[in-house]
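Encoded as structure tokens, the structure appears first; notes follow it.
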Amino acid sequence: MTDHYDISEIQDPAAREAELFARLPDILRCAMAAPAYAERLAGVDPAGVTSRAALARLPVLRKADLPGLHKASLPFGGFVHETPGSFARLFTSPGPIFEPESREADPWRGARALFAAGFREGDVVLNTFSYHLTPGGFIFDGSARALGCAVIPAGPGNTEQQFELIDAYRPSAYSGTPDFLKILLDSAANARRDVSSIKRALVSGAAFPKSLQDEMKSRGIDAYQAFATADLGFIAYETSAREGLVVNEDLILEIVQPGTGDPVRDGDVGEIVVTLLHPHHPWIRLALGDLTAALPGTSPCGRTNMRIKGWMGRADQTTKVKGMFIRPEQIAEIGKRHPALGRLRLVVSRDGETDAMTLRAEADAASDSLRTELATTLQGVTKLRGGVDLVAPGSLPNDGKVIADER
């Protein structure tokens with residue numbers, strides 16, 4: 001295997017799917033050993049959750065709710081069945097959210113992402129993610145060492161000391177945010193310091209626009225991006241194909257309508273929901289609040305897992321109209337009551353000095369009766385009056401936005 005980290009990356013997609021869902025019932029049993037999951041999943045028979053349709057019937061757990069849940073039940077909100085002493089490291093992220101690191105090699109499952117970015121055994125990696133309390137530094141550190149790399153635990157900032165480390169160890173690879181990589185390169189150019197040993201990079205934690213990608217390439221660095229979180233570790237990663245991000249192994253990724261747990265149609269933008277098949281710290285339908293869309297087919301690089309377009313914005317579009325909260329799940333409820341409609345978008349604006357809202361709905365045929373029905377449903381669901389604008393199918397943007405606040 002010279003082009004891929006292991007055989008799992010190129011297995012038949014149907015075989016992978018079957019294997020994941022064969023493992024899921026045992027993972028659900030592990031999860032339900034924790035009190036919070038036992039309560040959330042009460043009445044669920046794990047043996048029956050062996051398909052995406054069955055998984056979609058389970059409730060989502062919103063990452064935005066974790067700080068409150070963790071505060072109410074320290075340290076892990078009741079979602080971990082093992083004690084803190086069972087883990088190797090214990091972290092906190094803003095919120096706070098408390099995260100444990102398990103004891104096995106590559107606990108955050110990132111070695112294959114580094115491999116896809118060109119990192120190899122024997123490489124020296126300058127890791128500039130923070131090692132202080134949060135897991136970011138250790139996520140990339142552990143994955144690089146699992147791959148056989150030597151890691152400089154540099155952390156962010158202090159460019160002068162970074163230059164000393166680069167002079168001494170001549171790292172061939174970088175991991176950190178794309179912003180700090182640019183800062184490091186710019187500072188080196190201004191200070192006439194040689195950082196040319198760095199040829200590869202895996203970046204995460206911030207947007208990596210094409211303009212910055214092109215700049216890195218012009219400066220001799222082959223940089224790739226990964227999508228990772230402090231809760232789940234590596235979720236998806238870029239490959240040499242440069243066509244979206246390949247979903248990592250050992251997890252099930254769903255794309256759902258924002259504010260709901262309902263899967264979107266193929267190709268539509270929606271919220272990322274992840275189920276992590278980890279027996280010591282399973283996650284069941286964790287909704288991240290990030291938007292993406294699936295790409296069709298498999299990657300030209302040969303990896304056969306699902307691909308996503310990457311980060312496409314935030315899913316939480318809750319807004320307040322005339323003092324009342326309007327939430328994405330309410331727009332989804334309108335769609336459920338009118339299943340013949342296509343995409344929906346509630347546009348919030350101002351009419352003079354007053355809040356106003358208009359529901360834009362894709363419909364095959366516009367009629368006054370449908371407008372009246374939708375206006376009645378809109379008022380019934382939101383408790384507010386609003387206009388209705390029926391538009392042609394496919395005319396609303398496929399961007400995952402169901403509430404557009406234009407005030």
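Compare Thr260, Thr354, Thr134 in a GNM of the chain, Cα atoms joined below 10 Å, and give the one with the largest fluctuation. Evaluated over the chain, the most mobile residue of the options is Thr354.
If you wrap a convex hull around the Cα atoms of the chain, how much volume per residue is inside, in Å³?
Values: hull volume 69.0 nm³, N = 407.
That works out to 169 Å³ per residue.
Fully extending the segment from Lys336 to Ala33, taken as 0.36 nm per residue of separation minus the present Cα-Cα distance, adds 105.7 nm.
In Å³ and rounded to a whole number, note down the convex hull volume per residue for the Cα atoms of the range 104-238.
Values: hull volume 12.6 nm³, N = 135.
Residue-normalised Cα hull volume stands at 93 Å³.
The alpha carbons of the range 175-302 stretch over 54, 32, 28 Å along the principal axes, in descending order.
A simple spin-label model places pseudo-atoms 7 Å from Cα toward Cβ; at Ser187 and Leu133 they are separated by 2.2 nm.
Taking Arg337, Arg120, Arg307 in turn, the Gaussian network model of the chain (Cα-Cα springs below 10 Å) assigns the largest fluctuation to Arg337.
Charge tally for Ala56 (other residues, Cβ to Cβ under 10 Å; Lys, Arg +1; Asp, Glu -1): +1.
Net length available on complete extension from Glu329 to Ala42 is 101.0 nm, with 0.36 nm assigned per residue and the Cα-Cα distance removed. Dipole magnitude for the chain: computed about the Cα centre from +1 point charges on Lys and Arg Cβ and -1 point charges on Asp and Glu Cβ, it is near 540 debye.
Rounded to the nearest 0.05, the FRET efficiency derived from the C-beta distance between Asp167 and Gln11 at R0 = 45 Å is 0.55.
Quick check: net charge around Ser93, other residues with Cβ under 11 Å of its Cβ, Lys/Arg +1 and Asp/Glu -1? Write out the running numbers ahead of the final one.
Numbers: positive: Lys63; negative: Glu99, Asp231.
Result for the local shell: -1.
Against the chain, whose longest principal axis comes from its Cα atoms, helix 13-31 is set at around 80 degrees.
Fully extending the segment from Ala18 to Ser240 would add 77.2 nm, taking 0.36 nm per residue of separation and subtracting the current Cα-Cα distance. Under the criterion of Cα pairs below 8 Å and six or more residues apart, the relative contact order for the range 233-376 equals 17 percent.
The numbers here are math on the coordinates, done by the rules we state, and not lab data. These numbers come from a predicted model, not from an experiment. Cβ sites come from the backbone with ideal geometry, for glycine too, and all protein chains shown count toward neighbours.
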